[in-house]
1. Just to be sure before I move on: is residue 40 in a helix (DSSP H, G or I), open to solvent by less than 50 Å² (accessible area, probe 1.4 Å) and in contact (Cβ under 8 Å) with a residue 60 or more places away in the chain in the structure I sent?
2. Is it the case, given these coordinates, that residue 77 is open to solvent by less than 40 Å² (accessible area, probe 1.4 Å), within 10 Å of the ligand (Cβ to nearest atom), closer than 20 Å to residue 109 by Cα and in a loop (DSSP other than H, G, I, E, B)?
3. I need every pair where a residue in the range 194-210 that is touching a residue at least 40 places away in the same chain (Cβ under 8 Å) has its Cβ under 9 Å from the Cβ of a residue that is acidic (Asp, Glu), sequence separation at least 6 or different chains.
4. Hey, could you check the range 1-33 for residues that are open to solvent by 30 Å² or more (accessible area, probe 1.4 Å), within 16 Å of the ligand (Cβ to nearest atom) and among the hydrophobic types (A, V, I, L, M, F, W, C) and say which is nearest to residue 109 (Cα to Cα)?
5. So for the range 98-110 (the condition being open to solvent by 30 Å² or more (accessible area, probe 1.4 Å) and of a type in the set (Gly, Ala, Ser)), does at least one residue qualify?
6. Taking the range 134-159, which residues are among the charged types (D, E, K, R) and either open to solvent by 80 Å² or more (accessible area, probe 1.4 Å) or within 13 Å of the ligand (Cβ to nearest atom) (or both)?
7. Take the conditions open to solvent by 20 Å² or more (accessible area, probe 1.4 Å), more than 12 Å from the ligand (Cβ to nearest atom) and within 16 Å of the chain's Cα centre (by Cα) and apply them to residue 211. Does it pass?
Amino acid sequence: MIDTIGSSVTLQNGVEMPLFGLGVFQTSGGRQVRNVVSWALEAGYRSIDTATVYDNEAGVGQALKSSSVPREEIFVTTKVWNSSQRTGHTLQAFDASLRAMQMDYVDLYLVHWPVAGHHVQTWRDLETIYESGRARAIGVSNFMVEHLQELLPQTRITPMVNQVEFHPYLQSPELLTLCQEAGIQVEAWAPIMKGRVTKVEELCSLGHKYGKTAVQVTLRWLLQRGIVAIPKSRKKQRIIENADIFDFQLTAEDMAVIDNLDRGQRIGPSPYTFKF
Ligand code: NDP
């Protein structure tokens with residue numbers, strides 16, 4: 001039953017990961033990120049998703065340090081950026097992230113994008129980090145079926161999470177099946193289509209039916225599908241509103257309405273053609 005913001009999934013190594021959290025992409029590194037993290041913690045969020053390239057790890061760390069919530073109750077994710085993969089400096093990048101956040105461990109460390117020719121070595125570096133005990137879990141991001149098929153036979157440790165663009169218009173059924181079979185937890189970025197779910201008629205009318213918004217219905221759908229969601233907002237009211245999804249349940253019929261919206265349509269860059 002997914003009835004509290006603390007609801008979690010158990011990763012393949014036994015670590016509990018909250019199903020719901022706050023993303024902090026495009027949130028500036030100073031007061032803005034400190035504010036959003038503090039508001040989120042106050043609203044009950046216990047998971048924060050950052051990345052080295054967001055340039056706000058230090059602010060995330062400061063906000064967590066100044067909060068009264070103990071560090072061990074918060075699930076912190078960060079990611080190694082592509083330039084560090086290309087230069088072979090993943091281990092150094094991880095150390096720098098810990099220093100920036102003033103932490104001695106993270107809960108989840110991800111390979112941000114599958115950089116061709118480098119991501120297998122990057123994964124080996126993440127295995128080393130995991131074995132050192134400084135990341136409670138490790139995973140990948142933006143890995144499609146082909147990337148996983150290349151990586152999986154070469155790993156000692158299977159990625160615990162794959163964070164990918166996932167929302168009503170992009171449901172990647174083959175990828176989802178592969179991840180489920182391999183024991184890889186799927187986590188959705190752009191879960192509310194960067195705000196555009198508010199323009200989708202079916203989601204608005206479902207919202208109306210449940211006394212919720214299109215955003216809330218979409219987030220609830222993800223959680224009921226067992227997919228971790230990390231919506232972003234820089235606004236206090238929206239941070240609170242986005243988390244108000246634990247007091248209702250979509251019926252199987254209404255879940256199917258959203259399942260049927262899939263169009264294989266991306267909003268963000270493609271993992272097959274990205275150039276950064
Ligand atoms: P989201 O789908 O979370 O959408 C964020 C946008 O929606 C913002 O513009 C926000 O505006 C708006 N918004 C938030 N709440 C509401 C609401 N209640 N009503 C209307 N609009 C709303 O997209 P993101 O790309 O931010 O993805 C979420 C997180 O996923 C990121 O923050 C990041 O942590 C992660 N991510 C990971 C990637 C990867 O490659 N691994 C790539 C992209 C994101 P406002 O801030 O003004 O409220």
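The values are calculated or read from the model by the stated rules, or taken from the named source; none is laboratory data. Only a predicted model underlies this, so the values are computations on that prediction, with no experimental measurement involved. All Cβ positions, even for glycine, are placed from backbone atoms using ideal geometry, and neighbour counts span all protein chains on display. Accessible surface areas use protein heavy atoms only, side chains included; no ligands, DNA or RNA. Shrake-Rupley method; radii C 1.70, N 1.55, O 1.52, S 1.80 Å.
1. Here the answer is yes, as residue 40 does meet what is asked.
2. So residue 77 fails the test.
3. Short answer, once both residue conditions are applied: 206/254; 209/254; 210/254.
4. 25
5. Yes, the range 98-110 has at least one match.
6. Once the filter is applied, which keeps residues that are among the charged types (D, E, K, R) and either open to solvent by 80 Å² or more (accessible area, probe 1.4 Å) or within 13 Å of the ligand (Cβ to nearest atom) (or both), the range 134-159 yields 136, 146, 150, 156.
7. no
Per-residue answers, yes or no, for (1) touching a strand residue (DSSP E or B) at 6+ places or on another chain (Cβ under 6 Å); (2) within 15 Å of the ligand (Cβ to nearest atom); (3) not in a helix (DSSP H, G or I):
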position: 35; (1), (2), (3): no, yes, no
position: 45; (1), (2), (3): yes, yes, yes
position: 58; (1), (2), (3): no, no, no
position: 92; (1), (2), (3): no, no, no
